[in-house]
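Structure, as structure tokens:
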Amino acid sequence: MKRTMVMVGLMGLGLGPFAVGIARADTGHMGPSAPSQAAGAAPSAGTNTNPVAVEQEEVMSAPFTVESIDRANRRVVVESPDGARSTVNVSPNAPGFDTLKRGDQVELDYYKSSVLSLAPARTPGAASSSTAPAPASTGTHAAKGHQVTTSARVTLVDNEKETIQVTTPDGRPQTLFVQDPTLQRQMLTLKPGDSVQVTYTEPTAVGLRRATAK
């Protein structure tokens, strides 16, 4: 009540703004109240502002010899000049697949197969595919192959090239690139004949050309 009377008296003397300041000081509120969050300001605590880190794989180009062709599934088994064998999915946007023949020399533009996890096989012979297949797209920006988790038999370990070659339960050969340092240390314990449980991205070709004579 006393504070109200002081304010009225001061306002009567033309000291209205001064009176408001005194009133704020008396109630413990100096200065304006906190402003609301402006557009573009940082979100409040609890909101994830960090982008998810996604490794960007580049399209590789390399020559291969065609060993076998699965036209129904658009899949080829190929061998590289150094003898590494892989089963490669061929994108619908890659021309020339329908006329491929066994023994053809080709150059593939492809996403390599990368190991995501590696462990001793728990149930040899059990294989399963990822439930999230790659979405359709066009050109060399076609989606990378979907993930596969399977047991496999190791046929070759190349620590220098950071690759392992395996054969899946259905007989498909695959050359897998191991980029993670922890998985690379696990490679040192592997030898041909070992059974492993492995998750990897399937190699996918987005371009296919007949190799030119040199």
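Before moving on, here are some points about what is shown:
- The residues neighbouring Val166, those whose beta-carbon lies less than 13 Å from its own, together hold a net charge of 0 under the Lys/Arg +1, Asp/Glu -1 convention.
- Near Leu118, once Lys and Arg are set to +1 and Asp and Glu to -1 for all other residues with Cβ below 12 Å from its Cβ, the sum equals -1.
- Sorted peptide list for 165-174, 146-155, criterion being average Cβ within 10 angstrom, highest first: 146-155, 165-174
- Surrounding net charge for Phe97, when Lys and Arg each add one and Asp and Glu each subtract one, Cβ distance under 14 Å: +2
Each value in this text was obtained by applying a stated rule to the coordinates, not by laboratory testing. Computed from a prediction, not measured in an experiment: that's the story for all the values here. As a convention, Cβ positions derive from the backbone with ideal geometry for all residues, glycine included, and neighbour counts pool all protein chains shown.
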